[in-house]
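Quick notes on the structure that follows.
The values are calculated or read from the model by the stated rules, or taken from the named source; none is laboratory data. This one's a predicted model, so the numbers in the text were calculated from it and none came from an experiment. With ideal geometry, Cβ positions are generated from the backbone for all residues, glycine too; neighbour counts draw on all protein chains shown. With ligands, DNA and RNA removed, areas are computed over all heavy atoms of the protein, side chains included. Shrake-Rupley method; radii C 1.70, N 1.55, O 1.52, S 1.80 Å.
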Amino acid sequence: MSPFFKGDKGGCEGDSGSCHTPFTHTRELVLFPGEIAMKKKILLVEDNPDNRYVVIRLLKSLEAEIIVAEDGLSALEIARKEIPNLILMDMQLPELSGYDVTKKIREMKGMESTPVIAVTAHCMTGDREKTIQCGCTDFIEKPIVPNEFIQKIKSYLAIEDLTD
Ligand code: MN
């Protein structure tokens, strides 16, 4: 039934003041092609300024808000405050490593299933397993291949849309 169905007065008689909204029970967000509900937030955790520069340039092709954390502690603080839609996690960070940060992020409310993509320069055997064990969703190796990188991020943001 259309929410605008005019004959539907159920429960509204004598209470004209509060029953004008047709959306009392059916709260739906309707988007038209090309419209986005809200800009997606991507948290980029990267301590190396050159790498940050490269990644930010690539991410700019996406309609997303990019929030940068230069170390693990600020990554935790930002994640808790902003609840990003996706996290790009450099695993080699000073002090608190990307592994530790990801483990802690997984314990945060609302961050249990957020895509966390590990970005690591080391391609040692067992690295992928290590990132998955600490809670990462996926894995990208440096040096970054621009097209693959963007496609991967796009697909994770799209999956998030479907499960919202
Ligand atoms: Mn690093």
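Leaving ligands, DNA and RNA out of it, report the carbon-plus-sulfur percent of the accessible area of segment 56-155 at a 1.4 Å probe. Don't skip to the answer; put the middle values down first.
Numbers: 2770 of 5440 Å².
The computed percentage sits at 51.
Which distance in nm do the two modelled labels at residue 65 and residue 128 give, with both placed 7 Å along the Cα-to-Cβ direction?
Those two pseudo-labels are separated by 3.4 nm.
At a 10 angstrom cut-off on C-beta neighbours, averaged per residue, how do the peptides 112-119, 151-158, 86-93 rank from highest to lowest? Present the calculation step by step, with values, prior to reporting the outcome.
Working: 112-119: 19.2, 151-158: 15.5, 86-93: 23.8.
By packing density, highest mean first, the sequence is 86-93, 112-119, 151-158.
Between residue 83 and residue 100, how many nm apart are label points set 7 Å from Cα along the C-beta direction?
Result: 2.7 nm between the two label points.
Give a residue-ordered list of calculated ³J(HN,Hα) values for segment 128-139 (Karplus: 6.51 cos²θ - 1.76 cosθ + 1.60, θ = phi - 60°; whole Hz; x for Gly, Pro).
Listing the rounded values in order: 4, 4, 4, 5, 5, 4, 7, x, 5, 8, 8, 8 Hz.
Please report, in whole Å³, the volume per residue of the convex hull around the C-alpha atoms of segment 49-154. Don't skip to the answer; put the middle values down first.
Details: hull volume 10.2 nm³, N = 106.
With only Cα atoms used, segment 49-154 gives 96 Å³ per residue.
In terms of Cα to Cα distance under 24 Å, which lysines are near enough to residue 39, apart from those fewer than 8 places away along the same chain?
Qualifying lysines at Cα under 24 Å: 60, 81, 109, 152, 154.
Using amide H atoms built 1.01 Å from N in the peptide plane, name the residues 5+ places from residue 118, or on other chains, whose amide H lies under 5 Å from its own.
Under 5 Å from the amide H of residue 118: 89, 137, 138, 139, 140.
So, counting K/R as plus one and D/E as minus one, what does the shell of residues with Cβ under 10 Å around residue 135 add up to?
Working: positive: 103, 104, 106; negative: 107, 112.
Residues close to residue 135 contribute a combined charge of +1.
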